[in-house]
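Taken together, the values in this text are just the output of simple stated rules run on the coordinates, not laboratory data. Everything numeric in this text was worked out from a predicted model, so none of it was measured. A quick note on method: Cβ atoms are made from the backbone with ideal geometry, for glycine too, and the neighbour counts reach across all protein chains shown.
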Amino acid sequence: MRSILVVGVTGAGKSTLAAALGARLGLRYHEMDALYFTGPDWAVNATLVADVGRLTERPGWIIDSPGYPEVRDLLWERADTIVWLDYPRRVIMPRVLRRSLLRSARRERIFGGNRETWRSWLSHEHPVRWSWTQHGRRRAELALRVADPRFAHLDVHRFHDPAKADAWLRAQGRSVGGAA
């Protein structure tokens, strides 16, 4: 495992697992949303394809996303491992609700200096609504990609239960602070 995508529905815990796995394996972790949203008012990175191309042409990276459409195939072609957090809604929804509530209440700055606001909860693209409405669609899309012959080279680790993903994570490499 040297080039890893951690995939799943919004709120599954992709970023948390990707950062922890990167620390255990000594690989650089890249947050896809931070690469994609680079400025105020959710401005999209005009050099996303080139930026992702550069960071994935070298071995030793982890990205917490199946990829935005512009870079999705590139990421899947260059990855050697997929870690799929395929959790049910009953697991994901409390996580994404808690995260969005905290971000809104704390006025936390995220990607490109943007914030989740109370007004943004009304948007169809708000993470809570997105996670709920896209859950089945994202799972189906990921299942098709995993089965696609173009991506037969990938080593896929699919988890339906966070406890099993956590146990797998603990078994990987060495942590920064000590033995696994």
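Couple of notes before you dig in:
- Across segment 96-101, coupling constants 3J(HN,Hα) worked out from phi with the 6.51/-1.76/1.60 Karplus curve, θ = phi - 60°, read 6, 4, 4, 4, 5, 4 Hz, and Gly and Pro carry x.
- Within the shell of other residues whose beta carbon sits under 13 angstrom from the beta carbon of Trp121, the net charge comes to +3, with Lys and Arg scored +1 and Asp and Glu -1.
- Globularity index of segment 38-79, i.e. its alpha-carbon radius of gyration over 2.2 N^0.38 Å: 1.19
- Centroid-to-centroid separation of segment 93-110 and segment 111-131 [C-alpha atoms, Å]: 9
- Within segment 73-164, chymotrypsin sites (Phe, Trp or Tyr not before Pro) in DSSP loop having at most 16 other beta-carbon neighbours inside 10 Å: Trp118
- Tilt relative to the chain, helix 127-147 - C-alpha long axis, 0 to 90 degrees, to 10: 20
- Pairwise Cα separations in segment 1-76 fall into 5 Å bins from 0 onward with the following percentages, short to long: 3, 17, 28, 25, 19, 7, 1, 0.
- Fraction of antiparallel bridges per DSSP, segment 41-180 only, in percent to nearest 5: 40
- For His30, the residues whose modelled amide H falls within less than 5 Å of its own, excluding neighbours fewer than 5 places apart on the same chain, are Ile62, Ile63, Asp64.
- The chain, relative contact order in percent, only Cα pairs under 8 angstrom and at least six apart counted: 32
- For Val7, distant residues with modelled amide H under 5 Å away: Val83, Trp84, Leu85
- With bins 5 Å wide beginning at 0, the percent of Cα pairs of the chain falling in each bin runs 1, 8, 16, 20, 21, 18, 12, 4, 1, 0.
- Principal-axis analysis of the Cα atoms of the chain puts helix 14-25 at an angle of about 30° to the longest axis.
- Model label sites at Trp42 and Asp148, defined 7 Å from Cα along the beta-carbon direction, differ in position by 2.4 nm.
- Exposed loop sites, defined as trypsin sites (Lys or Arg not before Pro) outside DSSP H, G, I, E and B with at most 12 other Cβ atoms within 10 Å, are absent from the longest region of the chain, namely 1-106.
- Helix-only [θ]222 nm of the chain, DSSP H runs n ≥ 4, -39500 (n - 2.57) each, per residue, nearest 500: -14000 deg cm²/dmol
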